[in-house]
Amino acid sequence: MMATREIPKVAFHDLETLWVQISGTLCNLRCTHCFISCAPDNHDLPMMQTEKIIGYLKEAEQLGVKDIYFTGGEPFLHKDFLSILELTLQKFPASILTNGLLINEDRADKLARIAQHSHYSLEIRVSLDDYEETRNDSVRGLGTYRKVLAAYKRLWERGLLPILAVTEIREYHSPDDSPLNAFEKYVELLGSLGVLRPRIKIIPVLEMGMLPIPDSPRYVTPQMMMGFDHSLLQCSTSRIVADDGIYSCPILVNEEQALIGDSTLSESLVDCDLYHTACTTCYTTGMTCKNY
Amino acid sequence: MVKHSQSNETREQGKWGDAPTYNRVILFGGVYSNYISLEYLLKECQKMDAEAIFCLGDIGGFGPHPNRSYEHLQDTKVTTLAGNYDLSLSQGLDDCGCGYTDPRDNHFAQISYDYTFQNTSQPNKDWLITLPRLIRFRLADLKVLLCHGSPRRTNEFLWDSSSPDHLLHRFLEDSGADVLCFTHTGLKWYRRLTGNRHTVNVGVIGRPENDGTPNVWFTLLEAREQDLKCFFLPLDYNHSRLIDEMKKEHLPSEFIETIQTGWWTTCTEIMPFKERLRGRF
């Protein structure tokens, strides 16, 4: 008989950050490393209804939530996204995680206007997966490299200081030829576009979703949590809302075991299980999905 | 991996009974081992007729000879609370617990912390461990709570553009205070909230404000009955002398550039968009 694995809990501290899975699992790309397998035809999690999002934002305000992150899928696929963003920024700082493909000149102008009119910061995080075109496009799709960089430049030219978000997928595929300092490569790349103040965030790869689950999965143990500051794990301070309810972690959205509420944020403010291999990634790398 | 907790317990509303009362106080944060600006500030304070002076933590880091800053504070009537740096040093931890998430920010933070740890005497580390995490007093009829980062976490960054009104209201509600003062980010700001509530980031005297001028900033608070006035005051000091000493101690040229030019060159990734936009890098 197999021994039962003891699953440690992380103590809930305070709800600081609310993530919104605004476009569900719908995306205009099909990246080969996506941890929730988002795609143009993935309807596992549908678009969130605007009224539902506004309801969560109101509750977040009452609870004293500090900031809001919009993710997906691709947030700009949501028909009301810019209106929701504008409404959000009246009350909260906000961040968008986007692949950038839908940020044309008109949307870039609107984002600049919305950002300027808010007292709070708007962070726009645009994803790229390699500083070489062919390597990026093999992950994100043909032609994406140029479109992403064009979107980044549009935002930069409007003074929005976008963040380039990069996964360590190169290191995952080719650990022997990964650069010593990836930051320098991206600084150089953005510099070639005339971006003089690049903001870059490098994120570890999560072996789940579109990537194979490791042969020998590693889990967080109760011993590892002894003396560990729980507030270093985001599930002590963050929740993500999706169409079907509230999850403990933005990485584990659409994972049944991470679903901890179905209607109000208040009911989800509980200790939660560190049951997934992704929890080990957070624990060991100090990963934060947040911008800073 | 063992990490200490930066969490505070603030939901204690019954602590105002013995709190002292003032009408005019001086507050500053982030000395960052800039004992020269601290000397200038303490001289300035003598002229200002303040009833009390408060340091909101992070005494070491960035600058040279940390013991000189601790000893200045111990020799004067400054009431000091613990910042994340002070907690880390006093507990012998491996890093400053600043709360940075970017490896480039952490690279420079570690250089600074290692230097400060090696150059802080044991008696001063023992003194740091005695510092409180929160301080309460009354300013005329207003109840004031002091902390380093936020009331709930010593290393929380409360930037102007990342701190929504409803969160600040909740901090005040939970603690029973009318005025909340903090530091940690390095940038001063003041916001008056509804219901005669106030929040003040008191700034730092250890490094300039990322505005292209080498002076640093401190805060004067005055109150009469329920009426609060908040003044941010610039402090010029002999920053050339500090630069000479930083060079002799082989501190990074990036730190020296900040002292000289007033622009932040390190630990910039932690800044939100609006604050970052105002700087040079």
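Values computed for the structure shown
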{"quantity": "Residue match in the range B:246-253 (condition: assigned to a strand (DSSP E or B), among the small types (Gly, Ala, Ser) and away from chain A (no Cβ under 14 Å))", "calculated": "no"}
{"quantity": "Cross-chain or 6+ apart pairs with Cβ under 6 Å, the range B:257-281 first and facing chain A (nearest Cβ under 10 Å), then assigned to a helix (DSSP H, G or I) and among the aliphatic types (A, V, I, L, M)", "calculated": "none"}
{"quantity": "Residue in the range B:256-263 that is in a loop (DSSP other than H, G, I, E, B), more than 18 Å from B:Gly29 (Cα to Cα) and aromatic (Phe, Trp, Tyr) present", "calculated": "yes"}
{"quantity": "Those residues of the range A:158-185 which are in contact (Cβ under 8 Å) with a residue 40 or more places away in the chain and either over 21 Å from A:Phe35 (Cβ atoms) or of a type in the set (Phe, Trp, Tyr) (or both), in sequence order", "calculated": "A:Arg158, A:Gly159, A:Leu160, A:Tyr172, A:Lys185"}
{"quantity": "Members of the range B:176-199 found to be over 18 Å from the mean Cα position of the chain (by Cα), of a type outside the set (D, E, K, R) and surrounded by fewer than 23 Cβ atoms within 10 Å (Cβ to Cβ), listed by number", "calculated": "B:Gly176, B:Leu193, B:Thr194, B:Gly195, B:Asn196"}
{"quantity": "Residue satisfying all of: in the range B:241-274; of a type in the set (Ser, Thr, Tyr) and surrounded by 17 or more Cβ atoms within 10 Å (Cβ to Cβ); farthest from B:Phe62 (Cα to Cα) among these", "calculated": "B:Thr268"}
{"quantity": "Residue, nearest to the other protein chains (Cβ to nearest Cβ), within the range A:199-239, restricted to residues that are of a type in the set (A, V, I, L, M, F, W, C) and in contact with an Asp or Glu (Cβ under 8 Å, 6 or more places away or on another chain)", "calculated": "A:Ile202"}
{"quantity": "Residue satisfying condition, being polar (S, T, N, Q), part of a helix (DSSP H, G or I) and touching a residue at least 24 places away in the same chain (Cβ under 8 Å), within set A:Thr280, A:Thr264, A:Thr221", "calculated": "A:Thr280"}
{"quantity": "Meets criteria (of a type outside the set (Lys, Arg), part of a helix (DSSP H, G or I) and within 14 Å of chain A (Cβ to nearest Cβ)) for B:Leu93", "calculated": "no"}
{"quantity": "Subset of the range A:62-75 (residues that are buried (at least 23 other Cβ atoms within 10 Å of the Cβ) and part of a helix (DSSP H, G or I))", "calculated": "A:Pro75"}
{"quantity": "Residue tally, condition surrounded by fewer than 19 Cβ atoms within 10 Å (Cβ to Cβ) and either among the basic types (Lys, Arg) or away from every other protein chain (no Cβ under 14 Å) (or both), over the range A:3-27", "calculated": "6"}
{"quantity": "Members of the range A:127-143 that are over 20 Å from A:Arg197 (Cα atoms) and buried (at least 22 other Cβ atoms within 10 Å of the Cβ)", "calculated": "A:Asn136, A:Val139, A:Arg140"}
{"quantity": "Flag if B:Asp160 is in contact (Cβ under 8 Å) with a residue 24 or more places away in the chain and more than 27 Å from A:His117 (Cβ to Cβ)", "calculated": "no"}
{"quantity": "Selection within the range A:180-218 - more than 14 Å from A:Pro162 (Cα to Cα), assigned to a loop (DSSP other than H, G, I, E, B) and of a type in the set (A, V, I, L, M, F, W, C)", "calculated": "A:Leu180, A:Val205, A:Leu206, A:Met208, A:Met210, A:Leu211, A:Ile213"}
{"quantity": "Among residues of the range A:137-165, those that are more than 14 Å from every other protein chain (Cβ to nearest Cβ), among the aliphatic types (A, V, I, L, M) and either within 20 Å of the chain's Cα centre (by Cα) or not in a helix (DSSP H, G or I) (or both), counted", "calculated": "5"}
{"quantity": "Selection count where residues are outside any strand (DSSP E or B) and in contact with a Lys or Arg (Cβ under 8 Å, 6 or more places away or on another chain), scope the range B:22-44", "calculated": "7"}
{"quantity": "A:Leu196 surrounded by fewer than 17 Cβ atoms within 10 Å (Cβ to Cβ), within 14 Å of another protein chain (Cβ to nearest Cβ) and modelled with pLDDT under 95", "calculated": "yes"}
{"quantity": "Residue list for the range A:43-82, filter: at positive phi and within 14 Å of chain B (Cβ to nearest Cβ)", "calculated": "A:Gly64"}
{"quantity": "Top-ranked residue of the range A:83-116 - restricted to ones that are within 12 Å of chain B (Cβ to nearest Cβ) and surrounded by fewer than 17 Cβ atoms within 10 Å (Cβ to Cβ), ranked as farthest from A:Thr71 (Cα to Cα)", "calculated": "A:Gln116"}
{"quantity": "Qualifying positions in the range A:84-120 - touching a residue at least 60 places away in the same chain (Cβ under 8 Å) and not in a helix (DSSP H, G or I)", "calculated": "A:Ser95, A:Leu97, A:Asn99, A:Leu101, A:Leu102"}
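So that you can scan it fast, the table gives a plain yes or no per residue for (1) β-branched (Val, Ile, Thr); (2) crowded, with 18+ Cβ neighbours inside 10 Å; (3) at pLDDT 95 or above:
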{"residue": "B:Glu12", "(1), (2), (3)": "no, no, no"}
{"residue": "B:Arg24", "(1), (2), (3)": "no, no, yes"}
{"residue": "B:Phe28", "(1), (2), (3)": "no, yes, yes"}
{"residue": "B:Tyr32", "(1), (2), (3)": "no, yes, yes"}
{"residue": "B:Glu39", "(1), (2), (3)": "no, no, yes"}
{"residue": "B:Gln46", "(1), (2), (3)": "no, no, no"}
{"residue": "B:Glu51", "(1), (2), (3)": "no, no, yes"}
{"residue": "B:Gly63", "(1), (2), (3)": "no, yes, yes"}
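The values are calculated or read from the model by the stated rules, or taken from the named source; none is laboratory data. Since this is a predicted model, take the numbers as computed values, not measurements. Here the Cβ is made from the backbone with ideal geometry for all residues, glycine too, and neighbour counts use every protein chain on show.
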